[in-house]
Amino acid sequence: MNKSAKYNISYTSRCRTTGSSHIRLYLHLASEMATTNEMQEDKPSFGVELEFLVGCMGIGEQLVLPQLFENSKGNPFFLARRDLTRIAIGALVQHSIETTINNAVNSISRGGSRVFDPVAEPYDLRRYGRWSVGQDSSVFLNRLGIPAAVRQQLSEYLWVPIEIASPAMYVSDEAFEEIRTVVQALQDTFWIITPRSAGMHFHYGNGKEYIPFPKLRRMAALTLAADALLVQLHPEHRRANDYCKSNRLYSRAAHGVGAADTARRLRRADDVEAPAEDFRTLPTVRTNRPRVTPPVPPRRFGINPFWMVSALFAARRRSCSLLQWGLSQLGWPRPGPSQPERRSPPRPPFRRGELTGYGPFDPAVYDDGSNDPPRGRQPRPGSRAARWQAQQQIGVGNSPAPIDIVPAVKAILSCTNAPTVAELMQVSPDYTERPAYSFRHYESAEYKRDDGGGELRTVEFRQCAATMVPEEVVAYGKVIMRLCEFAGKAHLNNFWKVVLDCSVAEARGDWYDVFDLLAELGLADEARVLAQSVERFRAEQASAQAVGNDNGGDDRSESRGSGSSGLVYHDEEGDWL
């Protein structure tokens with residue numbers, strides 16, 4: 001039993017004759033104490049996985065230079081013999097990339113601080129202490145939206161699918177600088193393409209330990225609330241994708257599954273890592289950005305009741321008192337030498353409401369895998385698939401559309417243990433279908449196992465599109481780190497304001513968007529970088545539509561077909577690409 005629970009019991013036994021308000025007050029204070037103690041042990045860490053294709057050609061071949069690489073510093077990987085096997089070609093490219101990464105890391109005076117020692121750790125953990133390079137057959141050269149001339153140029157080269165993973169590093173400027181240096185070195189050395197089938201995944205953790213539960217719970221609540229806004233940063237082919245399904249649209253919490261019922265089904269009703277958040281006193285409506293007020297009618301009899309009502313609402317929107325709002329209208333207090341004028345960061349070149357998010361909810365996507373056992377097998381009794389099947393039969397969690405953000409977030413904040421949070425954030429019983437924000441390492445089967453297993457203790461952010469632009473990789477990473485830190489350290493009132501902003505924005509996209517969220521989190525520099533990537537994604541989508549060969553998402557059948565080809569993608573005619 002933890003200390004807070006012991007204090008709660010002892011205090012309640014002494015105060016049985018006192019009013020219930022005193023007991024609630026103490027429980028709230030004890031919860032704040034437990035949260036503070038947990039945060040003292042917080043050591044945020046992260047890692048990133050990057051997927052891409054590397055171009056190869058034989059020595060002495062006279063091939064047309066693709067337009068994509070006319071201004072590239074890198075070169076194709078040269079093969080002494082073109083008739084090498086796919087495995088041999090992949091091994092040669094992999095070794096060359098490893099050498100490039102090692103040289104880049106050695107060129108840094110001070111790199112990121114490693115969580116794991118690549119030599120002293122147990123064998124299974126050593127790979128998390130160094131950069132690793134592998135080959136991923138799920139990454140292939142998409143045909144969607146590629147003009148015929150460019151496709152013909154690319155078809156003359158071999159394209160090897162590569163996945164690199166950074167070591168687990170504690171969050172620091174040195175860690176981000178190391179990632180930026182490595183990505184830049186790869187861009188300056190090779191021909192690299194990031195097709196639609198490739199992704200970029202960030203892992204957020206707490207060093208070698210589990211993420212403190214109060215912080216984990218807040219992270220789940222915030223990512224579900226902000227999911228529909230954060231997706232505005234990503235291209236359309238990452239929005240309807242089985243490898244990063246929307247938590248907002250398809251998670252258990254989004255469809256009305258409660259915390260208490262889930263904990264009982266997991267047999268964890270008595271497992272209390274921290275009390276549920278007390279959000280009974282929090283507001284249910286939040287608008288912290290000024291809206292356009294209606295025109296004020298002419299005054300009559302010296303008093304305008306309509307103006308008074310408008311002033312009250314304006315003060316409420318600005319989260320200040322009526323007196324403070326009135327003084328601000330009179331221009332007081334004025335900024336002086338010791339009080340610099342506060343300026344909001346400039347907005348990117350997108351009007352509010354211009355950026356799109358997820359498409360409409362698709363019941364077929366949500367039901368896929370819920371009624372039927374994964375891969376055609378009967379679920380094992382007591383397994384997650386069996387629980388989902390039983391819940392579907394009685395209609396639990398099978399609402400025709402997602403519920404509002406506020407009740408879904410409240411369900412997560414009502415959880416008292418990590419496996420319940422992970423279950424509510426899951427989107428499917430089939431492990432081949434992943435959510436955009438994956439808490440799978442905190443599920444019952446993995447969390448704090450008695451046999452010492454469950455070595456992975458991170459939360460995975462899966463929805464980012466692949467990019468090898470160093471500034472974009474770092475910017476995405478800093479946004480994710482800031483989201484997690486805000487979730488863990490913000491006061492509940494401030495946290496709840498952001499949740500309500502996301503809820504209002506879902507219905508009023510022209511009132512608040514993802515760049516407003518980034519501004520509130522103090523990410524103005526990162527917003528400027530990501531605005532450029534959003535603009536590039538929009539241009540690529542427009543070009544794809546002009547080509548007339550775009551279906552709006554990843555071609556999963558083509559992805560599965562590439563897996564049978566081994567390590568290098570080939571097209572339908574059998575020519576290696």
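Assorted remarks:
- One residue from 479, 474, 499, 504 being touching a Ser or Thr at 6+ places or on another chain (Cβ under 7 Å) and among the aliphatic types (A, V, I, L, M): 504
- Residue under evaluation residue 522, criteria (1) surrounded by fewer than 21 Cβ atoms within 10 Å (Cβ to Cβ); (2) in a helix (DSSP H, G or I), criterion not met: (2)
- Condition check for residue 14: surrounded by 13 or more Cβ atoms within 10 Å (Cβ to Cβ) and either more than 28 Å from residue 477 (Cα to Cα) or at pLDDT 50 or above (or both): no
- Residues satisfying the stated conditions in the stretch 527-544, i.e. of a type in the set (A, V, I, L, M, F, W, C) and open to solvent by less than 20 Å² (accessible area, probe 1.4 Å): 527, 530, 531, 534, 544
- Spans of helices (runs of 4 or more DSSP H) in the stretch 162-275 with at least 1 residues among the hydroxyl-bearing types (Ser, Thr, Tyr) and farther than 26 Å from residue 44 by Cβ: 173-189, 247-250, 259-265
- Of residues in the stretch 475-488 being hydrophobic (A, V, I, L, M, F, W, C) and open to solvent by less than 20 Å² (accessible area, probe 1.4 Å), the one farthest from residue 437 (Cα to Cα): 475
- Qualifying positions in the stretch 453-474 - assigned to a strand (DSSP E or B) and either surrounded by fewer than 21 Cβ atoms within 10 Å (Cβ to Cβ) or among the hydrophobic types (A, V, I, L, M, F, W, C) (or both): 459, 461, 462, 464, 465
- The stretch 489-515, subset of a type in the set (Asp, Glu) and crowded, with 21+ Cβ neighbours inside 10 Å, residue farthest from residue 222 (Cα to Cα): 513
- Residue list for the stretch 485-515, filter: of a type outside the set (Val, Ile, Thr), within 17 Å of the chain's Cα centre (by Cα) and part of a helix (DSSP H, G or I): 485, 486, 487, 488, 502, 515
- Residues in the stretch 95-107 that are touching a residue at least 60 places away in the same chain (Cβ under 8 Å), open to solvent by 50 Å² or more (accessible area, probe 1.4 Å) and assigned to a helix (DSSP H, G or I): 103 only.
- Matching residues, the stretch 117-148, being open to solvent by 60 Å² or more (accessible area, probe 1.4 Å) and either among the small types (Gly, Ala, Ser) or within 23 Å of residue 99 (Cα to Cα) (or both): 117, 119, 120, 123, 124, 126, 127, 130, 148
- Looking across the stretch 448-464, the residues that are modelled with pLDDT under 90 and touching a helix residue (DSSP H, G or I) at 6+ places or on another chain (Cβ under 8 Å) come down to 454, 455, 456.
- All of 114, 110 fail the test of being in contact (Cβ under 8 Å) with a residue 40 or more places away in the chain, more than 14 Å from residue 133 (Cβ to Cβ) and open to solvent by 80 Å² or more (accessible area, probe 1.4 Å), apart from 110.
The values are calculated or read from the model by the stated rules, or taken from the named source; none is laboratory data. As the structure is a prediction and not an experimental result, all values here were calculated from the model. Cβ atoms come from the backbone with ideal geometry, glycine included; neighbour counts cover every protein chain shown. All accessible areas refer to the heavy atoms of the entire protein, side chains included, with ligands and DNA or RNA removed. Shrake-Rupley method; radii C 1.70, N 1.55, O 1.52, S 1.80 Å.
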